[in-house]
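Asks: Quick one: this structure, given as structure tokens, is what I'll be asking you about.
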Amino acid sequence: MPKAIEKLLFLTLFLVAFECHSEGLEYETLVDLNGDGIEDIKYEYDKTGYYELIDRNFDGKVDESLRYSLDHYLLSGTSDDDFDGVFETRLVVENSLISSVLVDTNNNQIVDLVFRYKNSLVQTAEKYSIEYGTPVVARISYEFGYPVSHEKVEPSSMTELEFQHSVVNK
Ligand SMILES: [Ca+2]
Ligand SMILES: [Ca+2]
Ligand SMILES: [Ca+2]
């Protein structure tokens, strides 16, 4: 195909795509990774960005939802990492990189586990729990994504809600 026509075609496609966006037309594209006829990745577009909806365990149910800007920067995300149908995990994103991962492991709507990230790598984990009636916070450090410290468990004076506030607002 001559270069000029190729360019024109590309420009036309770009303008059509741009037109869809500018009118705020919602549309989706589907991807079937394992070829079983059921989509495993869905893209849902709107005026300001799009969602990437992923079924990681191929059971037909979305278990990860990532939000991107129109220029493909990661904005936020949630996931169901134990595949029980409840989205308990939330990605906190700064400058398109994950800065922390907040998990409500017991599905009581309160964050009790936080992973802190630096340069896209997990640095520490803190887990709140009640052991024998006493609130405790356990901490682990990581290097190269590998735990390099033993779990240090210390008694805490915080309630689970106070723990959530302390990790979410940091
Ligand atoms: Ca799934
Ligand atoms: Ca879950
Ligand atoms: Ca919880």
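Asks: Apply the Karplus curve 6.51 cos²θ - 1.76 cosθ + 1.60, θ = phi - 60°, to the phi angles in the stretch 92-107 and return the couplings in whole Hz, x for Gly and Pro.
Replies: These are the phi-based 3J(HN,Hα) values: 9, 10, 10, 6, 6, 10, 5, 9, 7, 10, 10, 10, 9, 5, 9, 6 Hz.
Asks: While we're looking at this one, here's another question. I'd like the FRET efficiency for residue 94 and residue 38, computed as 1/(1 + (r/R0)^6) with the beta carbon distance as r and R0 of 41 Å, rounded to 0.05.
Replies: E(calc), rounded to 0.05, equals 0.75.
Asks: Each residue of the stretch 114-120 in turn: what ³J(HN,Hα) in whole Hz from Karplus with 6.51, -1.76, 1.60 and θ = phi - 60°, glycine and Pro shown as x?
Replies: These are the phi-based 3J(HN,Hα) values: 10, 9, 9, 10, 9, 6, 6 Hz.
Asks: Still on this structure: May I ask you to evaluate 6.51 cos²θ - 1.76 cosθ + 1.60, the Karplus curve with θ = phi - 60°, for each residue of the stretch 145-162 and list the ³J(HN,Hα) values in order in whole Hz, giving x for glycine and proline?
Replies: After applying 6.51 cos²θ - 1.76 cosθ + 1.60, I find x, 10, x, 10, 10, 5, 5, 9, 9, 10, x, 10, 8, 7, 7, 4, 5, 5 Hz.
Asks: Whose amide H sits under 5 Å from the amide H of residue 77, counting only residues 5 or more places off or on another chain, with H placed in the peptide plane?
Replies: 67, 91
Asks: With a ≥ b ≥ c the root eigenvalues of the C-alpha gyration tensor of the stretch 117-170, is it rounded (a/c under 1.5), prolate (a/b larger than b/c) or oblate?
Replies: It is oblate, given that a/c is not under 1.5 and a/b is not larger than b/c.
Asks: Just add up the charged neighbours of residue 32: K/R +1, D/E -1, any other residue whose Cβ is under 12 Å from the Cβ of residue 32.
Replies: That sum, taken over residues with Cβ under 12 Å, equals -3.
Asks: Amide H of residue 100: which non-local residues (sequence gap of 5 or more, or other chain) have their own amide H closer than 5 Å, using H built in the peptide plane?
Replies: Result for residue 100 returns 92, 117.
Asks: Sticking with this one: Take every Cα-Cα distance within the stretch 26-170, group them into 5 Å bins from 0 onward, and report for each bin the whole-number percent of pairs it holds.
Replies: In order of increasing distance, the bins hold 2, 9, 15, 17, 18, 15, 11, 7, 4, 2, 0 percent.
Asks: Taking the Cβ of residue 138 as the center, what net charge do the other residues with Cβ under 12 Å away carry, scoring Lys and Arg +1 and Asp and Glu -1?
Replies: For residues surrounding residue 138, the net value is -2.
Asks: Check residue 122: other-chain or 5+ apart residues with amide H under 5 Å from its amide H, H built from backbone geometry?
Replies: Distant-sequence amide H within range of residue 122: 145.
Only the coordinates and a few stated rules stand behind these numbers; no lab work does. This one's a predicted model, so the numbers in the text were calculated from it and none came from an experiment. Positions of Cβ are backbone-derived with ideal geometry, glycine not excepted, and every protein chain shown enters the neighbour counts.
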